[in-house]
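Data first, discussion second: the structure below is written as structure tokens.
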Amino acid sequence: MSSFKEFAFKKIGLVDLPAAPPGTATELNAFVKILYIKAGGRVTIDFREYILVQDALFFISPGQFNELGDQAEGKMLYYNRDFYCIEIHDKEVACDGILFHNVYDIPVVYLDEVQSARMSSIFEELGEEFLHQDSTMEEMLRILLKKVIIIGTRIWKQKNMIIGDEIGHEAEFFRRFSQLVEWNYYKHHTVAEYAELLKITPKALNKRIGKAHRSGPNEIIKERIILEAKRLLAHTSMSVKEIGYKLGYDDPSYFIRLFTSQVSTSPQSFRTKYRAQQPVMTDRMASDSLSPSLSQHIEQ
């Protein structure tokens, strides 16, 4: 079963998995997606495979590489940024840099039996709401969407032990760094540039990030750049040179060396491996995934 509603430019849909959603996979790459997958399913997000031993939620931004195994059962909620933009409404749900645009890790929220039952109930309510035709349906769908995001954020914070004022303050700093990297990686490549945005010294930034994460800020910045390169290689027909320029590298040879050293294979070899598995986005869709206008919003 699948449901879809369009309110002017605002779009939202819900699909029962493993049934195929309407439209093409290429079109769906332009949507934000929330996957509710039952235990036993297989999911690949940004080239990392998950074989689930318990129910889970995945939060996927436009342009992220994602693939569902044939046995993945559950729900997929998808919507465009016109329907709900978490960057603009971050104060409402406080998930930007946690569930979405998390440069430290792929946002997956594992659910225990009680949490999964609650989430299943919300998705069922979403499905029922699509059947209504009155003027309140759009706002009710948005309220239920926010409920999924807020509950997911709370569970993620609990499981990552983000509690207490002092820990919460540090977590907010890490979230801010994650946001800044996410919206500036294509133009800012150095620790010093992010330290300036955060109004601290590069040494202090290295110390604070290194204390809590396996990688330092320089590695995190490079990993985010390389991840975007992988997505563009897998999803688009852009040349390696064009991808390098889009990510802020004027010297194609340097970009190729950087990619090869980080991934242990050349950009062209990586593209050959993944292009057969995923649809190709248009260059316009690829540009939208970088969202420089949202970068300006967050940097301000």
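Residues in segment 16-40 that are over 18 Å from I86 (Cβ atoms), at pLDDT 95 or above and buried (at least 18 other Cβ atoms within 10 Å of the Cβ): how many?
2
Identify, by number, the condition in (1) touching a Pro at 6+ places or on another chain (Cβ under 9 Å); (2) not assigned by TED's automatic domain parsing to the domain that holds V108 that K203 doesn't meet.
Among (1) touching a Pro at 6+ places or on another chain (Cβ under 9 Å); (2) not assigned by TED's automatic domain parsing to the domain that holds V108, K203 violates only (1).
Scanning segment 247-259 for residues that are surrounded by fewer than 20 Cβ atoms within 10 Å (Cβ to Cβ) and touching a helix residue (DSSP H, G or I) at 6+ places or on another chain (Cβ under 7 Å), which turns out farthest from T44 (Cα to Cα)?
This residue is P252.
From the list F177, F173, F123, which residue is surrounded by fewer than 18 Cβ atoms within 10 Å (Cβ to Cβ), assigned to a helix (DSSP H, G or I), modelled with pLDDT of 85 or more and of a type outside the set (V, I, T)? Before the answer, list the steps.
Values: F177 fails: surrounded by fewer than 18 Cβ atoms within 10 Å (Cβ to Cβ); F123 fails: surrounded by fewer than 18 Cβ atoms within 10 Å (Cβ to Cβ).
So the residue among F177, F173, F123 that is surrounded by fewer than 18 Cβ atoms within 10 Å (Cβ to Cβ), assigned to a helix (DSSP H, G or I), modelled with pLDDT of 85 or more and of a type outside the set (V, I, T) is F173.
Residue check: is I51 surrounded by fewer than 16 Cβ atoms within 10 Å (Cβ to Cβ) and either touching a Leu at 6+ places or on another chain (Cβ under 6 Å) or of a type in the set (A, V, I, L, M, F, W, C) (or both)? Write out each step before concluding.
On the way: surrounded by fewer than 16 Cβ atoms within 10 Å (Cβ to Cβ): yes; either touching a Leu at 6+ places or on another chain (Cβ under 6 Å) or of a type in the set (A, V, I, L, M, F, W, C) (or both): yes.
The answer is yes for I51.
Give L145, L131 a once-over and let me know the one that is among the aliphatic types (A, V, I, L, M) and assigned to a helix (DSSP H, G or I).
On the way: L131 fails: assigned to a helix (DSSP H, G or I).
Just one listed residue meets the conditions, L145.
May I ask you to verify whether G69 is touching a residue at least 12 places away in the same chain (Cβ under 8 Å), more than 9 Å from the chain's Cα centre (by Cα), surrounded by fewer than 22 Cβ atoms within 10 Å (Cβ to Cβ) and not assigned by TED's automatic domain parsing to the domain that holds R176? Talk me through it step by step, then tell me what you get.
Values: touching a residue at least 12 places away in the same chain (Cβ under 8 Å): yes; more than 9 Å from the chain's Cα centre (by Cα): yes; surrounded by fewer than 22 Cβ atoms within 10 Å (Cβ to Cβ): yes; not assigned by TED's automatic domain parsing to the domain that holds R176: yes.
Considered against the rule, which asks whether it is touching a residue at least 12 places away in the same chain (Cβ under 8 Å), more than 9 Å from the chain's Cα centre (by Cα), surrounded by fewer than 22 Cβ atoms within 10 Å (Cβ to Cβ) and not assigned by TED's automatic domain parsing to the domain that holds R176, G69 comes out as yes.
Within segment 201-300, which helices (runs of 4 or more DSSP H) (wholly inside it) include 1 or more residues that are within 23 Å of A30 (Cα to Cα) and at pLDDT 85 or above? Explain how you work it out, then say what you get.
Values: elements: 202-212, 217-235, 240-246, 252-263, 267-274, 283-290, 292-299.
Here the list reads 217-235, 240-246, 267-274.
Name, by its number, the condition in (1) touching a strand residue (DSSP E or B) at 6+ places or on another chain (Cβ under 6 Å); (2) surrounded by 14 or more Cβ atoms within 10 Å (Cβ to Cβ) that does not hold for V93.
Tallying (1) touching a strand residue (DSSP E or B) at 6+ places or on another chain (Cβ under 6 Å); (2) surrounded by 14 or more Cβ atoms within 10 Å (Cβ to Cβ), V93 fails exactly one: (1).
Of the conditions (1) surrounded by fewer than 17 Cβ atoms within 10 Å (Cβ to Cβ); (2) under 22 Å from N29 (Cβ atoms); (3) touching a strand residue (DSSP E or B) at 6+ places or on another chain (Cβ under 9 Å), M137 fails just one. Which one is it?
(2)
If you go through segment 182-226, how many residues are surrounded by fewer than 14 Cβ atoms within 10 Å (Cβ to Cβ) and among the β-branched types (V, I, T)?
Of the residues in that region, 2 qualify.
The values are calculated or read from the model by the stated rules, or taken from the named source; none is laboratory data. Everything quoted here is computed from the prediction, not taken from an experiment. With ideal geometry, Cβ positions are generated from the backbone for all residues, glycine too; neighbour counts draw on all protein chains shown.
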